[in-house]
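The values are calculated or read from the model by the stated rules, or taken from the named source; none is laboratory data. None of the values given here were measured: they were computed from a predicted structure. Accessible surface areas use protein heavy atoms only, side chains included; no ligands, DNA or RNA. Shrake-Rupley method; radii C 1.70, N 1.55, O 1.52, S 1.80 Å.
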Amino acid sequence: EVFNVRDLIGNTMELANSFNKSKNVTLNAHIDSSVPEYIYSDPKRIKQILINLLENALQHTQQGEIFVYLTSTIINLALEDSLLASSNVSYTSDFQYIIKFAVRDSGPGIDLKYKADLFKPAELLINTKQQGLSLRISYLLANALNGNLQLISSNIGIGSCFEFTLIACEEEPPVQYSNTLKN
């Protein structure tokens, strides 16, 4: 459905704040001006991914800040088609957006030796005494939305940053989505 991105983020941050039991952790969000006001996607699944990431950050952050940052990049589909030499595809819109949701915390950080295991099925995580079911669920939801979820940085004692990326339109989707994230 078409929904207001800023409203979604506001509601999500409000909900995450209700989970925040620590007076030493602040939650903040910034939406870059490049992000369109409305996009066509699945707001319930996007909210679920963000809540999972925020709950995970709240669970591990004892003091400091959890920050959600949204940016977007425009994909010119006509140009992409000409580069892919498939000009027979017609779109209802000439543009799509790569929307990036970054969730950064000031928690203990994640040892990068575990990075490859973060999104594995739960039974593998349980056997290695790691937690992360919400990360696995978020990873699967991101993929179902034609998107991607990854740990983009982590420093022990400083914090981590997860990035959820998806391709979205401002209106009903075109015949096909951009291949940009798949390349």
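Below is a table of values for the structure above.
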item	result
Subset of Lys21/Lys47; Lys47/Lys113; Lys47/Lys100 violating a 24 Å alpha-carbon distance limit	Lys47/Lys113
Heavy atoms of Thr73 accessible to a 1.4 Å probe, total area in Å² rounded to 10	80 Å²
Heavy atoms of Asp117 accessible to a 1.4 Å probe, total area in Å² rounded to 10	40 Å²
